Amino acid sequence: MWMILIPLLLLIIALVTVNTINTIQKRKRKNRLKLRRLRHEADNLDEIVNGMEQTIPNPAIIRSINDELIERLEEMLPLAGDNSAGVQASLDNATQKSEHLAEMSSNSEFSYRKANDVEIARSQYYLNEAAQTLKKRCSIGKLPEVELRIYLTELSWADLMIDVQSLVAQGYKAKLRGNLPGNFAYYQTAQNKLMESTHPNSKRMRMIRDMSELLAGNTERPGADLIGEYFEAD
């Protein structure tokens, strides 16, 4: 009888061992896939935060996106294994940035004006991704709905201003080069953007009137609202 039981027992032990190994390998594979997904999301959020710092004046919006980044990094940390030091460093940097943003009343490093179509498209992509992230945070109770509405209004204004200020800057450069048809075309497109928008910002109607003055030749240089601060022609 023992001659039958011992091989059977060994077979059972072997099956249990193989099953345990398979379970461990599946768990490791699942963790690797989750870590890869989280890393991709964290990299994307980090890029959005950096892009927003260059594009919008409200640090509270940037901080909310940065908080989402912190949560991703915190999820990554127990899965990172040998790479945990790098994840911890990224988490520390994101936490410090959040603290810094909380102390700021306004982001003075931003500019709506972009140098070319690639920068415009990239900046507007960041704004769209930020809006989606904020909506998600609101849907799970991490952002009050009142704040969401305010933030989305600011992001849509930034989207409009990226177009307008970039177009006006190109138009003004064309004028300085003596390219009056190009100057008119850029200015007209910028005014059309303002007129087609339904944004409630009180500056919009005034900016439309200012564009009319520029198009009529009654004003030589665009004001700061139309071209941004610290503009220097190439």
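Laboratory data are not the source of any read-out in this text; all were calculated from the coordinates shown. Just so it is clear, the structure is predicted and the values come from calculations on it, not from any experiment. Virtual Cβ from ideal backbone geometry, glycine too; neighbours counted across all protein chains shown.
Some points to look at:
- Highest-MSF residue in the chain out of I21, I208, I120 [GNM, Cα springs under 10 Å]: I21
- From the coordinates shown, semi-axes √(5λ) of the Cα gyration tensor in Å corresponds to which of [x] 37, 18, 16; [y] 56, 18, 16; [z] 28, 23, 19: [y]
- Surrounding net charge for L148, when Lys and Arg each add one and Asp and Glu each subtract one, Cβ distance under 9 Å: +1
- Restriction of the trypsin sites (Lys or Arg not before Pro) in segment 104-188 to DSSP coil positions whose beta-carbon has at most 13 other beta-carbons within 10 angstrom yields K142, R177.
- Modelled FRET efficiency - R0 41 Å, R29 with E103, Cβ distances, 0.05 increments: 0.45
- Segment 71-99 versus segment 177-194: alpha-carbon centroid distance in Å: 47 Å
- Nearest-ten-degree value, helix 2-53 long axis tilted from longest Cα axis of the chain: 10 degrees
- Long-range amide H partners of G228 with built H, under 5 Å: none
- The GluC sites (Glu not before Pro) of segment 168-234 that meet both conditions, a loop assignment by DSSP and at most 13 other Cβ atoms within 10 Å of the site Cβ, are E220, E229, E232.
- Farthest positive-ward along segment 78-132 dipole, Cα basis, beta-carbon charges - from A94, N107, S123: S123
- Theoretical FRET efficiency, 1/(1+(r/R0)^6), r = Cβ-Cβ of N192 and Q132, R0 41 Å, to 0.05: 0.90
- For segment 117-234, the calculated P(r) over all alpha carbon pairs, in 5 Å bins from 0 to the bin holding the longest distance, is 2, 11, 19, 20, 17, 12, 8, 5, 4, 2, 0 percent.
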